[in-house]
Amino acid sequence: MRTVEQTLEEILNLAAEHFRVPRTQLSPDDDFFKTLRIDSLQALELLTRLEQHFGVELPDYEFQGVTDFRTLADRIQARL
Amino acid sequence: MLDLKPYQSLQEALRDALETFHDHVCLIESDRGRERHRLTYGQFRDLTRPLARALQDTGLGADPDPTAAANRAAIIMTNQSRWLLAAYAIHYSGGVLVPLDYKLTGREQLALLAHSQAHYLITEWFFWQQITRSEGFADFRARCVVVTDAPADAELCGAVRWEEFVARGAGREPVFRPRRRSDWACIVYSSGTGGRPKGCVLTHDNYLEQCWSLTRWYPFWPGVRYLSILPTNHAIDFMVGYIGPFVCGAAVVHLRTLRPEFVREAFATYRITYVCLVPMVLKNLERGLRQRLQELPWLQRRWLAGLVSLNRMLTRGRPRPWLSRRLFPAIHRAFGGELLAIIVGGAFSDPQMLQFFYDLGIPVANGYGLTEACTAVTVNNLKPFRPDTVGQPLPGVEVRIVHPDADGIGEVVVRGRNVMSHYLDDPELTAETIRDGWLYTGDLGRLDRDGHLQLFGRKKNMIVTAGGKNIYPEDIEAFFEGLPVKEFCIFAANYLWPARTLADEQLVIVLRPEPGQTCGDALHSELTTRNRRLQDYKRVHGYLVWERDFPRTASMKIKRDVLAAEIRAAVERSAMVPL
């Protein structure tokens with residue numbers, strides 16, 4: 001079982017890879033809409049990528065209002 | 001389709017539709033590419049009977065006053081079959097439907113539930129949890145709460161599971177409670193989650209007339225499949241993803257997840273005929289399509305450019321879907337091959353984006369509407385395609401421009417049987433908004449020689465996001481309460497500094513510091529932190545420091561229009577510090 005810190009680290013790596021930004025530019029409390037310069041639909045794309053990686057189904061509505069990587073990690077961790 | 005003119009109420013028309021189109025498919029629900037279920041109109045009717053009966057057993061529709069709070073029932077759900085089953089059962093029972101936005105926070109939903117005084121709530125487990133954990137839940141006074149999708153071990157906090165509730169009504173016929181055209185059908189909130197709630201009271205007449213006029217230009221028929229993407233609580237989807245298709249015997253496709261890849265897949269799988277989108281979603285489709293086209297080899301791109309020119313010439317007067325599908329078979333296959341139109345509205349659409357799709361043979365009908373006008377005021381009928389306008393007034397709808405300037409631009413006012421009855425419990429706001437039967441929209445526009453409406457900005461202090469959300473600055477201010485300044489006020493930037501555009505609308509917070517206070521890094525950081533707690537579409541884009549006290553009324557309310565005029569006269573937009 002992953003720890004929430006491991007989950008967070010994996011999310012940051014995946015986000016960097018998916019949106020082609022240097023991993024060093026991302027930190028846990030970043031507003032990912034701003035840092036990654038993405039809209040809510042692109043955030044949903046990231047959610048699909050995370051589902052594939054973590055092997056869980058993540059309902060769209062549970063992630064409404066989530067804007068930073070740390071909260072994202074908490075929500076995913078709850079479903080692992 | 002049914003002839004709607006003789007009907008007195010929505011439920012009467014819908015009841016007949018379920019019989020008339022008994023064996024046709026009305027609903028398809030898919031989850032991540034897996035079809036969950038498919039219902040015919042007959043099956044839909046059978047599923048709603050026990051639900052309506054159970055609602056009636058708890059008192060829905062029993063109050064002889066059709067407008068009584070005891071007859072109001074709210075729905076907070078994502079797009080799914082049960083949304084429409086519940087809406088049908090509420091209306092069948094003589095209830096007034098209150099569709100609420102599932103994207104609001106629990107606290108905001110509680111505020112609107114309280115304002116609407118709905119005695120019933122039908123919602124999904126996730127949203128019910130959100131509500132029960134919100135501040136203000138102790139004051140929540142609904143008589144009956146029904147929840148769907150609740151896990152087996154869930155603590156229901158007084159709610160009843162959908163399955164259990166429906167079972168209570170099984171085997172007994174519900175009573176059909178007729179309503180008149182002038183009776184209330186829905187209370188739809190156009191805004192006001194943090195400030196002054198704007199509950200638009202829409203009558204059965206509003207819906208029947210709006211449906212009649214929309215289907216003149218965009219008819220549905222059995223076999224048509226409408227992809228429901230916009231939230232059903234939104235006026236557009238309620239009309240085009242429920243009432244319209246149902247009275248015509250068409251099918252509605254719901255997706256439990258709206259990830260772009262599943263939306264793309266649904267077009268092909270279900271051979272979608274119509275879809276309504278907000279510009280943000282259309283932009284995403286455009287981005288994906290452009291990227292794929294750019295990856296084509298040079299020669300193919302040249303060939304495509306030639307086909308685009310040919311298609312443009314052939315479709316100058318009107319769309320010719322059969323022809324365009326032959327010119328661009330691969331693109332049209334990706335959209336299911338039967339798409340007749342994408343209807344786009346709810347916010348400003350970039351004409352170049354609309355032209356991009358039309359050039360590929362995908363007609364995009366740009367429209368304009370507001371909840372206060374039931375759904376739509378104008379729509380492009382594509383004869384010919386006009387990306388630069390939001391179309392012409394629908395049949396039965398009148399549009400005028402009042403106090404036009406030298407360029408013919410003035411406030412857009414609307415009259416017709418689609419215009420709402422009033423704002424719930426707000427006669428003052430109603431009187432400001434509807435004058436002599438005309439709805440004052442607060443939008444600035446011009447009618448051209450062909451009767452097409454062009455929009456140029458807003459007279460009112462609000463913004464509409466690319467996702468179609470109406471944001472009123474007053475509603476955001478509560479999130480900045482306690483900010484360490486003397487006073488503050490939020491404005492739409494285009495209201496402070498009028499711009500003849502509806503693109504990229506922004507909010508700006510005006511800060512009046514305490515005497516001697518400097519607005520340094522600490523304040524900037526505080527603003528950023530608070531801003532981030534807001535949903536992304538509600539965020540403030542920048543701030544402005546204002547060194548004078550705000551003008552106030554005798555009751556100490558900020559005189560926003562006076563303050564705006566002072567700021568406009570003294571400061572330029574470039575003074576806004578981005579957040």
(message) Take the residues in segment A:24-35 that are in contact with a Phe, Trp or Tyr (Cβ under 8 Å, 6 or more places away or on another chain) and within 12 Å of chain B (Cβ to nearest Cβ); name whichever of them is surrounded by the fewest Cβ atoms within 10 Å (Cβ to Cβ).
(response) A:ASP29
(request) Of the numbered conditions (1) in contact (Cβ under 8 Å) with a residue 40 or more places away in the chain; (2) surrounded by fewer than 18 Cβ atoms within 10 Å (Cβ to Cβ); (3) under 10 Å from the mean Cα position of the chain (by Cα); (4) within 13 Å of chain B (Cβ to nearest Cβ), A:GLU10 fails exactly one; give the number of that condition. (result) (4)
(message) Which pairs turn up if I take residues in segment B:245-258 that are more than 14 Å from every other protein chain (Cβ to nearest Cβ) and look for partners that are assigned to a strand (DSSP E or B) and of a type in the set (Lys, Arg) with beta carbon separation below 8 Å, at least 6 apart in sequence or on another chain?
(response) B:ALA250/B:ARG225; B:ALA251/B:ARG225; B:VAL252/B:ARG225; B:VAL253/B:ARG225
(message) So if I check each of B:LEU60, B:LEU47, B:LEU4, which one is over 17 Å from B:LEU227 (Cα atoms) and not assigned by TED's automatic domain parsing to the domain that holds B:ARG181?
(response) B:LEU4
(message) Can you tell me which condition B:THR67 does not meet? The list is (1) assigned to a loop (DSSP other than H, G, I, E, B); (2) buried (at least 24 other Cβ atoms within 10 Å of the Cβ), and all the others hold.
(response) (2)
(request) Can you confirm whether segment B:302-323 contains a residue that is closer than 30 Å to B:THR501 by Cβ and free of Cβ contacts under 8 Å to residues at least 12 places away in the same chain? (result) yes
(request) List every residue pair whose Cβ atoms sit under 6 Å apart, with the two residues 6 or more apart in sequence or on different chains, where the first one lies in segment B:53-67 and is among the charged types (D, E, K, R) and the second, anywhere, is at pLDDT 95 or above and part of a helix (DSSP H, G or I). (result) B:ARG53/B:GLY169; B:ASP63/B:ALA70; B:ASP63/B:ASN71
(request) From the list B:ARG36, B:ARG49, pick out the single residue that is closer than 21 Å to B:VAL175 by Cβ, in contact (Cβ under 8 Å) with a residue 60 or more places away in the chain and surrounded by fewer than 21 Cβ atoms within 10 Å (Cβ to Cβ). (result) B:ARG49
(request) Inspect segment B:256-270 for any residue being closer than 15 Å to B:ALA17 by Cβ and out of contact with any Lys or Arg (no Cβ under 6 Å at 6 or more places or on another chain) and give the result as yes or no. (result) no
(message) Conditions first: (1) free of Cβ contacts under 8 Å to residues at least 40 places away in the same chain; (2) part of a helix (DSSP H, G or I). B:ILE362 passes all but one, so which condition is the exception?
(response) (2)
(message) Against the definition (aliphatic (A, V, I, L, M), more than 21 Å from B:ASN380 (Cα to Cα), surrounded by 18 or more Cβ atoms within 10 Å (Cβ to Cβ) and within 21 Å of the chain's Cα centre (by Cα)), how does B:VAL188 come out, yes or no?
(response) yes
(message) For segment A:52-69, which positions are buried (at least 16 other Cβ atoms within 10 Å of the Cβ) and in contact (Cβ under 8 Å) with a residue 12 or more places away in the chain?
(response) A:PHE54, A:LEU58, A:ASP60, A:PHE63, A:THR67, A:ASP68, A:PHE69
(message) If I ask for residues that are among the aliphatic types (A, V, I, L, M), surrounded by 15 or more Cβ atoms within 10 Å (Cβ to Cβ) and in a loop (DSSP other than H, G, I, E, B), which ones from segment B:140-154 would you list?
(response) B:ALA142, B:ALA150
(request) Kindly indicate the residue of segment B:10-42 that is polar (S, T, N, Q) and not in a helix (DSSP H, G or I) and also farthest from the other protein chains (Cβ to nearest Cβ) among those meeting that condition. (result) B:THR40
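Okay, residues lined up against (1) buried (at least 19 other Cβ atoms within 10 Å of the Cβ); (2) assigned to a loop (DSSP other than H, G, I, E, B); (3) among the hydroxyl-bearing types (Ser, Thr, Tyr):
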{"site": "B:ALA376", "(1), (2), (3)": "yes, yes, no"}
{"site": "B:THR389", "(1), (2), (3)": "yes, yes, yes"}
{"site": "B:VAL399", "(1), (2), (3)": "yes, no, no"}
{"site": "B:PRO404", "(1), (2), (3)": "no, yes, no"}
{"site": "B:VAL413", "(1), (2), (3)": "yes, no, no"}
{"site": "B:GLU428", "(1), (2), (3)": "no, no, no"}
{"site": "B:TYR440", "(1), (2), (3)": "no, no, yes"}
{"site": "B:ASP443", "(1), (2), (3)": "yes, no, no"}
{"site": "B:ASP450", "(1), (2), (3)": "no, yes, no"}
(request) Could you check B:TRP322 against (1) over 27 Å from B:VAL412 (Cα atoms); (2) under 28 Å from the mean Cα position of the chain (by Cα); (3) surrounded by fewer than 19 Cβ atoms within 10 Å (Cβ to Cβ) and say which number it fails? (result) (2)
(message) Here is a check on your reading of the model: is A:PHE19 within 13 Å of chain B (Cβ to nearest Cβ), surrounded by 14 or more Cβ atoms within 10 Å (Cβ to Cβ) and among the hydrophobic types (A, V, I, L, M, F, W, C)?
(response) no
(request) Report yes if some residue within segment B:158-167 is modelled with pLDDT of 95 or more, away from chain A (no Cβ under 14 Å) and within 17 Å of the chain's Cα centre (by Cα); otherwise report no. (result) no
(request) Give me a count of the residues in segment B:485-534 that are buried (at least 16 other Cβ atoms within 10 Å of the Cβ) and free of Cβ contacts under 8 Å to residues at least 12 places away in the same chain. (result) 1
(message) Can you pull out every residue in segment B:270-297 that is away from chain A (no Cβ under 14 Å) and farther than 29 Å from B:VAL252 by Cβ?
(response) B:ARG290, B:LEU293, B:GLN294, B:GLU295, B:LEU296, B:PRO297
(message) Go through segment B:439-469 and report how many residues are more than 14 Å from every other protein chain (Cβ to nearest Cβ), under 22 Å from the mean Cα position of the chain (by Cα) and under 23 Å from B:GLY391 (Cβ atoms).
(response) 18
(message) Scan segment B:155-175 and tell me whether some residue there is touching a residue at least 40 places away in the same chain (Cβ under 8 Å), surrounded by fewer than 17 Cβ atoms within 10 Å (Cβ to Cβ) and on the phi > 0 side of the Ramachandran plot.
(response) yes
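The values are calculated or read from the model by the stated rules, or taken from the named source; none is laboratory data. Model, not experiment: these values are computed from the prediction. Ideal geometry is used to build each Cβ from the backbone, glycine not excepted, and the neighbour counts take in all protein chains shown.
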